[in-house]
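The numbers here are math on the coordinates, done by the rules we state, and not lab data. As the structure is a computational prediction, the values presented were derived from the model and not from experiment. Cβ: placed from backbone, ideal geometry, glycine included. Neighbour counts: every protein chain shown.
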Amino acid sequence: MNLILLGPPGAGKGTQAKRLEERYGLVQLSTGDMLRAERASGTPLGKKVQAIMDSGQLVSDDIIVDLIAARIDRLPKGKGFILDGFPRTQPQAEALDAMLARKGLKLDRVIEMKVDEMALIDRIAGRFSCAKCGASYHDRHRRPHQEGVCDACGAHEFVRRADDRPETVKARLSTYRELTAPILPYYRAKGVLRTVDGMAPIDQVAAQIETILESPGAAPNG
């Protein structure tokens, strides 16, 4: 079983990918992790990646597809994968399909985690954590029991990620909407796209995905 999880930043793709790894024995393929590993490997491709990244340029689609192909070749026979962070554009989706076809493989499902953007901004932008132990909180949904004191360790310092600021979240959602969302019709036309409610509680999202994966004859939606 080979999957792609699609959705904007904060939709919960990473959380669901981990659950799918555990339930179905799949391997999560993160392009970011692959680039970092290849860069550190010292292989000819790794040196090429390092030169490109050190110069501040973007790694080409061809190289990313080559990295994914090499990683798939190292998977145990019959082991499926979940792609994380790729594809982001239709040309990338087409290049991925062509590479998989050369290997006699295909994507079984592309799962869109659909979100309400304003609710997602509220979900992400309100997050903060304890600077000492990392316990997670939210401005509206989960504040410390005693204001200014971490429930877990009693520390008094809290931090917010730069990526969680409202203006940053809005910019990342805009980028997703402009670049990645247009590939949804591509996968819908191929009959592999399914959509789940990404705003539902984590367990409910997982249950929706499991229903899709265990009902291969279900009609595409979205």
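Figure the gain on full extension for ALA40 and ASP139 (residue separation times 0.36 nm, minus the Cα-Cα span) and round it to one decimal in nm.
31.7 nm
Under a 5 Å amide H to amide H cut-off, with H placed in plane at 1.01 Å, what residues pair with ARG109 once short-range neighbours are removed?
When sequence neighbours closer than 5 places are left aside, the close amide H contacts are ASN2, ILE4.
Please list, in order along the stretch 172-188, the HN-Hα scalar couplings obtained from phi with the Karplus expression 6.51 cos²θ - 1.76 cosθ + 1.60 (θ = phi - 60°), rounded to whole Hz, x for Gly and Pro.
With the stated coefficients, the stretch 172-188 comes to 5, 5, 5, 4, 4, 4, 7, 9, 8, 3, x, 7, 4, x, 4, 6, 5 Hz.
Show me the ranking of peptides 8-16, 188-196 by mean Cβ neighbours inside 10 Å, starting with the highest.
8-16, 188-196
Give me the net charge of TYR186's neighbourhood, meaning all other residues with Cβ under 11 Å from the Cβ of TYR186; Lys, Arg count +1, Asp, Glu -1. It would help to have the intermediate numbers written out before the result.
On the way: positive: ARG188, LYS190; negative: GLU94, ASP97.
Computed value for this residue: 0.
Cα atoms only, the stretch 42-164: Rg and Dmax in Å?
In order Rg, Dmax, the Cα atoms of the stretch 42-164 give 21.1, 59 Å.
Stick to Cα atoms and the Kirkwood definition of Rh, then tell me Rg/Rh for the stretch 107-150.
The Rg/Rh ratio comes out at 1.20.
Would you calculate the separation in nanometres between label points at ALA131 and GLU157, each defined as 7 Å from the Cα along the Cα-to-beta-carbon direction?
Distance between label points: 0.4 nm.
How large, in Å, is the chain by the Kirkwood hydrodynamic radius built from its alpha-carbon pairs? Mind dumping the intermediate values first?
Values: mean 1/r = 0.0519 Å⁻¹.
This gives a value of 19.3 Å.
For the stretch 129-193, what is Rg from Cα atoms divided by 2.2 N^0.38 Å, rounded to two decimals?
Against the compact-globule rule of thumb, the ratio is 1.73.
Got a sec? Which residues in the stretch 70-111 would a label at LYS18 touch, if it sits 7 Å along Cα→Cβ and we count backbone N under 20 Å?
Only 81-86 pass the distance filter.
Short version: ³J(HN,Hα) in whole Hz for each residue of the stretch 68-74, in order, from phi by Karplus 6.51 cos²θ - 1.76 cosθ + 1.60 (θ = phi - 60°), x for Gly and Pro, what are they?
Once rounded to whole Hz, the list reads 5, 4, 5, 5, 4, 4, 8.
Given N residues in the stretch 1-67, what is Rg(Cα) / (2.2 N^0.38 Å)?
Numbers: Rg = 14.3 Å, N = 67, 2.2 N^0.38 = 10.9 Å.
That works out to 1.31 for the stretch 1-67.
Choose one of GLN50, GLN208, GLY12: the residue whose Cα lies farthest towards the positive end of the charge dipole of the chain (beta-carbon charges +1 Lys, Arg; -1 Asp, Glu; about the Cα centre).
GLN50
For GLU214 and LYS106 in one chain, what is 0.36 nm times their gap in residues minus the Cα-Cα distance, to one decimal in nm? Before the final figure, lay out the partial values.
Numbers: separation 108, 0.36 × 108 = 38.88 nm, distance 1.73 nm.
Here the answer is 37.1 nm.
So if the hydrodynamic radius of the stretch 94-222 is defined as the Kirkwood radius over C-alpha pairs, what does Stokes-Einstein give as its diffusion coefficient at 37 °C and 0.692 mPa s, in µm² per second?
Approximately 186 µm²/s, per Stokes-Einstein.
Can you give the local net charge around GLN90? Use residues other than it whose beta-carbon is closer than 13 angstrom to its beta-carbon, Lys and Arg +1, Asp and Glu -1.
Net of charged neighbours comes to -1.
If you add up the charges near PRO144, with Lys and Arg at +1 and Asp and Glu at -1, over every other residue whose beta carbon is less than 15 angstrom from its beta carbon, what do you get?
+2
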